[in-house]
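First comes the structure, then the notes that go with it.
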4 protein chains.
Amino acid sequence: MIKAGIIGATGYAGQELVRLLLQHREAEIVWYGSRSYVDQKFSSVFGNVFQIVEDICKGDDLLALSEEADVIFTATPQGYLAGVLNEKILQNAKVIDLSADYRIKNVATYEKWYGIQHKSPQLIKEAVYGLCEINREQVKKARLIANPGCYPTCSTLSIYPLAKEGLIDMDTLIIDAKSGTSGAGRGTKVPNLYCEVNENIKAYGVSTHRHTPEIEEQLSYASGQNVVLNFTPHLIPMNRGILITAYAKYKEGTTPEQIRKAYEDAYREEYFVRVLEEGVCPETKWVEGSNFVDVNVKVDERTGRVIMMGAMDNITKGAAGQAVQNMNLMFGLDEAEGLRFVPLVP
Amino acid sequence: MIKAGIIGATGYAGQELVRLLLQHREAEIVWYGSRSYVDQKFSSVFGNVFQIVEDICKGDDLLALSEEADVIFTATPQGYLAGVLNEKILQNAKVIDLSADYRIKNVATYEKWYGIQHKSPQLIKEAVYGLCEINREQVKKARLIANPGCYPTCSTLSIYPLAKEGLIDMDTLIIDAKSGTSGAGRGTKVPNLYCEVNENIKAYGVSTHRHTPEIEEQLSYASGQNVVLNFTPHLIPMNRGILITAYAKYKEGTTPEQIRKAYEDAYREEYFVRVLEEGVCPETKWVEGSNFVDVNVKVDERTGRVIMMGAMDNITKGAAGQAVQNMNLMFGLDEAEGLRFVPLVP
Amino acid sequence: MIKAGIIGATGYAGQELVRLLLQHREAEIVWYGSRSYVDQKFSSVFGNVFQIVEDICKGDDLLALSEEADVIFTATPQGYLAGVLNEKILQNAKVIDLSADYRIKNVATYEKWYGIQHKSPQLIKEAVYGLCEINREQVKKARLIANPGCYPTCSTLSIYPLAKEGLIDMDTLIIDAKSGTSGAGRGTKVPNLYCEVNENIKAYGVSTHRHTPEIEEQLSYASGQNVVLNFTPHLIPMNRGILITAYAKYKEGTTPEQIRKAYEDAYREEYFVRVLEEGVCPETKWVEGSNFVDVNVKVDERTGRVIMMGAMDNITKGAAGQAVQNMNLMFGLDEAEGLRFVPLVP
Amino acid sequence: MIKAGIIGATGYAGQELVRLLLQHREAEIVWYGSRSYVDQKFSSVFGNVFQIVEDICKGDDLLALSEEADVIFTATPQGYLAGVLNEKILQNAKVIDLSADYRIKNVATYEKWYGIQHKSPQLIKEAVYGLCEINREQVKKARLIANPGCYPTCSTLSIYPLAKEGLIDMDTLIIDAKSGTSGAGRGTKVPNLYCEVNENIKAYGVSTHRHTPEIEEQLSYASGQNVVLNFTPHLIPMNRGILITAYAKYKEGTTPEQIRKAYEDAYREEYFVRVLEEGVCPETKWVEGSNFVDVNVKVDERTGRVIMMGAMDNITKGAAGQAVQNMNLMFGLDEAEGLRFVPLVP
């Protein structure tokens, strides 16, 4: 059994980790870390695990945890892990970080977009960007995983096939993203209140959202060129789910068949990425509670553009599910172990 | 492997059966019955199982199905199964009926509340009311299960301990129930449209809802007296979940300790019924997608009443989950096999 | 023009007052009081009035306000007004209090249920309980109005005809109430977050909710006897709306016609209370954004009970709308002035 | 008093016309046309107007109606009005058509995108596209108004200032739109059911939506060049509201100041179009139930693009409100008469 510890277990991503690991046949949770709820029963915070979890929330002593655990998941505020992680901890346990601290290879870019000084830049190079479908082999050997952001996961997987095959003009790329409200976290602020989100839609972080450079970096690797794009997230009145609608000019002479084939080739062997049948638009409902990403592409010959679409559960594949997928790879397990949920409908 | 067939697989209860059976280690689905979608891919109706289910929807030839299956689930309109079920089918396969056809022992009562003539009254006596927590031993030996209604499941389990122990005056019993909209089914009518349900709440079927006599019958068995009660359901703008709030006078001299103990005694050994800690109110969110029923009771000494509360997922424990629980018992499996989901939050 | 000031203008009830008074032909707002947003533009808090309201939020200096205003609305935390109100202020301006401070005539009852010492008990007697349909004449002459609570308004109006006519046994009265989330206010706490409320339903304050003694007092006046009842509120995933479902035994010999007639007689002349046609259940959607209360009653001869139902917008008739209705009466205007909105659908 | 008749009064746009006209000081409704509900009380279909409207639904005899009414609103399926409208009717009454029949000047374009043969192409030329902010003077003199589509209204107004001033490259224009579910109408089909829409988001009609040529035509007029663009609508789990997020390259050398000034100049005198303060993103909540369109623009110098945003209530400004605005202009009234609602929050 893999001994797992979680720092930040009482956030939405943290409790999703709890849900997934409790149902995982090869893992057990040995540490429910939550600074806000220290000494309280975890099940008094999340009643869904009443009579399932008897544990009391602990603090965030990462070193102590690393001595008890084989793997540590950190679902913590930006900058936290970078401030405390060190070689000693990494020798004790593998670390899967759900924050952004080690996702961006260029420290200056991180510091500019996040407005934080990076406290352990020496570890960035070692960290593997844990998008399993693309970096599978590196993940298997990693000690430190930078678990991708929710928007970057869905965006990258939706666009990757055409970026990689060079079928689109990367300079024309625009990503319009929509997310359920769990993505905003469990912090108490007015804009997250029920009556403020319900019956409402708005864009936010327009041209300044921190996931922008992360997406740009990944698509730069895929396309072999420096990508600069527009990314606009929107807040949607629903709990879970991300939908990506991305636009780009396809290169002259490209046929619809080539475009479709790029998706099918890229994901033929991937369990978690489902290329939908032609003409079917991804819907977040069809992936709720699962680790699937549903993608599809529409060619608009009238405008010379492709519309790339992807739907995903933001706290499963976009956070905790992907983290468990990484754990599976790092410990030599079947990649889908504990993640073969049929999505919940309705 | 248990071979399972489903008639009515494309309704909400039917597709929940699909979800649960696909994740069940001892069962496989051999027949996706759906008159409306015959010859169409099941996954074209419910995209959540795209690339998981390749089957085509079949019709409702129950006899043919009984020759292929070990167990048949019928999630069909009232009166359908009573019209086609016969001894031959029951010799071929066990039947778990999610409709109301065999729930009520008194034919006249059924015919009055449902306004349908019962076509196979000779089978009613044999049918076992599949509320496992109460009728476990009979379920194990049954060929034909009347799977309880959603409201009756939650109502009965919420009230049962006090009815059985004789601690409340059954003549004062009032049940105020609230259900998510999946309970209204997938039929296309104006009151089920998004814009009619959203941002709205209303009572319906006041004093005439068909689940009333079913609840009365079960609580009559529990209390040993003829129960007549008020039952008022309400439609709530959410997908899943039922909440029961029930009121009754407790008998003079009854102490809060006796009341609490009745619940603890009744459900100490039950995995799926969770008696919450004192003062905690059940919430549907904590049971979503699971087979749990969370119950609790509050004693109001000011008024001499108890307020009994229960929360449940109407299409899991209230329909498909309970049906699988029954199947497990009928086939000698662990009762919770395939049903140990951690509820989905948020 | 009536000069109106609002203390607590940036809560949900406060901003509804703003919405209503802006559309009122005989009133103008001279003071937008909000301690949390002092010196900020009101329209930066509530974008709906961008380019409509240019005012800056002010503090809560009630005396200064009373010198500028003809009427003061206080949508403030319990205990606030009782702590600052005095004769001087009341000589300057009429006061309509949306908090509970002057609703309950018995100080001890107030102090017990609210857990607060009442700082100006000498003013309680003078305060008029502003349920216009019942206390119209006293309202017209009042200086100080205790604007009724949301649940008490809907509960009282739904039950009043039968209580007054003595057609029900008041000892059997049970009120099961459901409210949209705006009733919980705009405070930032975890249970009010979108992801906690959405797709969820729960009871709260079971047998301890502070509106209980208020309802009991009003129904005691109506029935001429001391009423003790059960009141259970539930939180519903919607913004606006309250639904009341109340149960009581009707007295032996009472006919359905007498019961219906009691409602028709009580509300024949009332513009804001609509007695629905027989068999039609009130729905909150049909009153959204308006000052209407839709009521109806169902007689269940099987159980000897009536089911009384009422639907209302909790922040219009349940708070700000009723406050404006009171203002209209106090200033000799048409009671419905500025309140003749057609409810918003869908 | 203007005598108004409505054909299609029981759809969502139709009943919004009812709501608005009932509150209009210079108009009265003389005909509630609804083929589906002929001879039923209008208030039995829409309970919000119980005791306000006593009328019975009538049929769709346009000629008879034209003899009773000064203005006819048609909220009817595509092709209906084109099939029945004639000179005689237009001599009797002004017509404001909420369908698409007369919006597109090029018959071939209409017939291609709508798949319908146009039955009265001779009237297209005369019809005025009723986007008041742009075509005010023609509207005043019109007999026949093509009331703009919901998406085209919000899209055109959000983009118009930059298109008109020639500050963006129209070939790079992409519109990503999001709409509440009332836009899908009140028809009974599975995709409109509560449980299918709730907790879900999807794109639909990708590159084929019928509002595309309408938007292209209007922006072609504005920019003086032939515009071909991508338009992608999405279905959002909320009742009301449209949000537009549009992207385009701005022309080299254009400054943020020029861009902002274009908006301010275009809408300085417009009551219903509110240019938000810099950095504030439009939210549908702030315009709910009103005729406002809130717009703003963000300049992204990193990518050389502008992000243009607009929020609007799809059934008010996007349908019925704009129709009333047109009526006001056609009858020489204040353009905002009956439309000065403060948006409903929350």
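Rundown of residues vs (1) more than 20 Å from A:Leu167 (Cα to Cα); (2) in contact with a strand residue (DSSP E or B) (Cβ under 6 Å, 6 or more places away or on another chain), yes/no style:
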residue: A:Thr245; (1), (2): no, yes
residue: A:Ala266; (1), (2): no, no
residue: A:Lys285; (1), (2): yes, no
residue: A:Gly289; (1), (2): yes, no
residue: A:Asp294; (1), (2): yes, yes
residue: A:Thr303; (1), (2): no, yes
residue: A:Met312; (1), (2): yes, yes
residue: A:Val324; (1), (2): yes, no
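Yes or no: region B:140-148 includes at least one residue that is of a type outside the set (A, V, I, L, M, F, W, C) and on the phi > 0 side of the Ramachandran plot. No, there is no match, as no residue in region B:140-148 is of a type outside the set (A, V, I, L, M, F, W, C) and on the phi > 0 side of the Ramachandran plot. All but one of (1) under 21 Å from C:Glu270 (Cα atoms); (2) crowded, with 23+ Cβ neighbours inside 10 Å; (3) within 15 Å of the chain's Cα centre (by Cα) hold for C:Ala163; state the number of the condition that does not hold. Failed condition: (3). Taking the conditions (1) in a strand (DSSP E or B); (2) more than 22 Å from the chain's Cα centre (by Cα); (3) of a type outside the set (Val, Ile, Thr) in turn, A:Tyr32 satisfies each one other than (2).
In summary, D:Met330 fulfils each of the numbered conditions (1) open to solvent by 10 Å² or more (accessible area, probe 1.4 Å); (2) among the hydrophobic types (A, V, I, L, M, F, W, C); (3) within 14 Å of chain A (Cβ to nearest Cβ) with the single exception of condition (3). Among the hydroxyl-bearing types (Ser, Thr, Tyr), open to solvent by less than 10 Å² (accessible area, probe 1.4 Å), more than 30 Å from D:Ile236 (Cα to Cα) and touching a residue at least 60 places away in the same chain (Cβ under 8 Å), is that true of B:Ser158? In short, yes. Residues in region C:253-277 that are in a loop (DSSP other than H, G, I, E, B) and without any contact (Cβ under 8 Å) to a residue 40 or more places away in the chain: C:Gly253, C:Thr255, C:Arg268, C:Glu269, C:Leu276, C:Glu277. Within region C:69-96, the set of residues being over 17 Å from C:Lys125 (Cα atoms), under 21 Å from the mean Cα position of the chain (by Cα) and open to solvent by less than 10 Å² (accessible area, probe 1.4 Å) comprises C:Val71, C:Ile72, C:Phe73, C:Thr74. Tell me, yes or no, whether region D:292-304 has at least one residue that is within 23 Å of D:Pro346 (Cα to Cα) and without any contact (Cβ under 8 Å) to a residue 24 or more places away in the chain. Within region D:292-304 (the criterion being within 23 Å of D:Pro346 (Cα to Cα) and without any contact (Cβ under 8 Å) to a residue 24 or more places away in the chain), the answer is yes, since at least one residue qualifies. The number of residues in region D:97-143 being open to solvent by 10 Å² or more (accessible area, probe 1.4 Å), closer than 17 Å to D:Thr76 by Cα and among the polar types (S, T, N, Q) comes to 1.
When the residues of region D:167-183 are filtered to those that are in contact with a helix residue (DSSP H, G or I) (Cβ under 8 Å, 6 or more places away or on another chain) and open to solvent by 30 Å² or more (accessible area, probe 1.4 Å), the one that is farthest from the other protein chains (Cβ to nearest Cβ) is D:Gly183.
Does C:Val342 satisfy the criteria of being out of contact with any Asp or Glu (no Cβ under 9 Å at 6 or more places or on another chain), within 11 Å of chain D (Cβ to nearest Cβ) and of a type in the set (A, V, I, L, M)? Criteria met by C:Val342. Residue-level analysis places A:Ser66 outside the set of residues that are open to solvent by 10 Å² or more (accessible area, probe 1.4 Å) and either assigned to a helix (DSSP H, G or I) or at pLDDT below 95 (or both).
Give me the residue from region D:1-19 that is assigned to a loop (DSSP other than H, G, I, E, B) and more than 14 Å from chain C (Cβ to nearest Cβ) and, out of that set, most open to solvent (accessible area, probe 1.4 Å).
The extreme case among them is D:Met1.
The residues in region C:122-167 that are β-branched (Val, Ile, Thr) and within 21 Å of C:Ala311 (Cα to Cα) can be counted, and the count is 4. For region D:223-232, the condition of being open to solvent by 40 Å² or more (accessible area, probe 1.4 Å), more than 18 Å from the chain's Cα centre (by Cα), of a type in the set (Gly, Ala, Ser) and over 22 Å from D:Leu173 (Cβ atoms) holds for none of the residues.
Within region C:281-318, being within 11 Å of chain B (Cβ to nearest Cβ), over 14 Å from the mean Cα position of the chain (by Cα), of a type in the set (A, V, I, L, M, F, W, C) and within 22 Å of C:His234 (Cβ to Cβ) holds for C:Cys281, C:Trp286, C:Val287, C:Val297, C:Val306, C:Ile307, C:Met308, C:Met309.
Restricting A:Val280, A:Val206 to those that are open to solvent by less than 40 Å² (accessible area, probe 1.4 Å) and not in a helix (DSSP H, G or I) reduces the list to A:Val206.
Can you tell me which of B:Gly310, B:Gly304 is surrounded by 24 or more Cβ atoms within 10 Å (Cβ to Cβ) and closer than 30 Å to C:Tyr204 by Cβ?
Going through B:Gly310, B:Gly304 in turn, just one is surrounded by 24 or more Cβ atoms within 10 Å (Cβ to Cβ) and closer than 30 Å to C:Tyr204 by Cβ: B:Gly310.
Is region A:184-192 home to any residue that is within 13 Å of chain D (Cβ to nearest Cβ) and open to solvent by 10 Å² or more (accessible area, probe 1.4 Å)? Yes - at least one qualifying residue is present in region A:184-192.
Filtering region C:20-52 to residues that are facing chain D (nearest Cβ under 9 Å) and either open to solvent by 10 Å² or more (accessible area, probe 1.4 Å) or without any contact (Cβ under 8 Å) to a residue 40 or more places away in the chain (or both) leaves C:Leu22, C:Gln23, C:Ser44, C:Phe46, C:Gly47, C:Asn48, C:Val49, C:Phe50, C:Gln51, C:Ile52. Scanning region C:250-262 turns up no residue that is facing chain B (nearest Cβ under 9 Å) and open to solvent by less than 10 Å² (accessible area, probe 1.4 Å). In region D:219-243, the residue that is nearest to D:Ala320 (Cα to Cα) out of those that are among the aliphatic types (A, V, I, L, M) and touching a Lys or Arg at 6+ places or on another chain (Cβ under 8 Å) is D:Ile242.
The values are calculated or read from the model by the stated rules, or taken from the named source; none is laboratory data. If you're wondering where the values come from, they're calculated on a predicted model, not measured in any experiment. We place every Cβ from the backbone using ideal geometry, glycine too, and count neighbours over all the protein chains shown. What goes into the accessible areas is simple: the full protein's heavy atoms, side chains included, and nothing from ligands, DNA or RNA. Shrake-Rupley method; radii C 1.70, N 1.55, O 1.52, S 1.80 Å.
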